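Q: Please read through the structure below; I'll follow up with questions.
The values are calculated or read from the model by the stated rules, or taken from the named source; none is laboratory data. Treat the numbers as computed from the prediction; the structure is a model and nothing was measured. Because the Cβ atoms are built from the backbone with ideal geometry, glycine has one as well, and the counts that use them run over all protein chains shown.
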Amino acid sequence: MVVTVEDIRSVAKSLPRTTEHLIRDRVKFRVGQIVYVALSRDETIMGFGFPKEQRAALVESEPDKFEMPSKSDERFHWVHARLEALDHTEMEELVVAAWMMCVPKKVIREYLEKR
């Protein structure tokens, strides 16, 4: 079953301090001004926050699932995933990990304690 925008929205909106925005016809989830998940206009690709120093290894490990961001976005902690290649558990892990890059450690601790 392909991951949908609604699946991603359900996970993202459950995370503290998250807001959803429609910017240039693209759904984006952010904490404050920091975008941690963004969907392509056709909703087939999910861009998400990911450590720069680890993304090449991620892409090389599963090139059918992950791809590098555009050249202009390589300066950011960002990588792309094809939604058709993700399962729901993996999508949730990626969204939560990207969110954790944006919030204070105290917020992460509180979130993990409630889970």
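The rows are residues; the columns are (1) of a type in the set (K, R); (2) part of a helix (DSSP H, G or I).
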site: V11; (1), (2): no, yes
site: L22; (1), (2): no, no
site: R30; (1), (2): yes, no
site: V37; (1), (2): no, no
site: C102; (1), (2): no, no
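Q: Here is a list: V107, V96. Which entry is assigned to a helix (DSSP H, G or I), touching a Pro at 6+ places or on another chain (Cβ under 6 Å), at pLDDT 95 or above and of a type outside the set (S, T, N, Q)? Give the steps one after another, and end with the answer.
A: Numbers: V96 fails: touching a Pro at 6+ places or on another chain (Cβ under 6 Å).
Going through V107, V96 in turn, the sole match is V107.
Q: Let me ask another. Identify the residue in the stretch 75-102 that is among the acidic types (D, E) and in contact (Cβ under 8 Å) with a residue 60 or more places away in the chain and, among all such residues, is surrounded by the most Cβ atoms within 10 Å (Cβ to Cβ). Talk me through it step by step, then tell me what you get.
A: Taking the stretch 75-102 first, the residues among the acidic types (D, E) are 84, 87, 90, 92-93.
Next cut, in contact (Cβ under 8 Å) with a residue 60 or more places away in the chain only: 84, 87, 92.
Values: E84: 11, D87: 11, E92: 18.
Restricting to residues being among the acidic types (D, E) and in contact (Cβ under 8 Å) with a residue 60 or more places away in the chain, the top hit is E92.
Q: Of everything in the stretch 31-54, what is in contact with a Ser or Thr (Cβ under 9 Å, 6 or more places away or on another chain), buried (at least 20 other Cβ atoms within 10 Å of the Cβ) and not hydrophobic (A, V, I, L, M, F, W, C)? Give them in sequence order.
A: Across the stretch 31-54, the qualifying residues are Y36, G47.
Q: Then there is this: What number of residues within the stretch 56-93 are part of a helix (DSSP H, G or I) and modelled with pLDDT of 95 or more?
A: First, the residues of the stretch 56-93 that are part of a helix (DSSP H, G or I): 56-61, 71-73, 83-85, 88-93.
The next check asks that each one be modelled with pLDDT of 95 or more; those that pass are 56-61, 83-85, 88-93.
Total meeting the criteria: 15.
Q: May I pose another question? Tell me which of these S10 doesn't satisfy, since it passes every other one: (1) surrounded by 12 or more Cβ atoms within 10 Å (Cβ to Cβ); (2) farther than 21 Å from Y111 by Cα.
A: Condition not satisfied by S10: (2).
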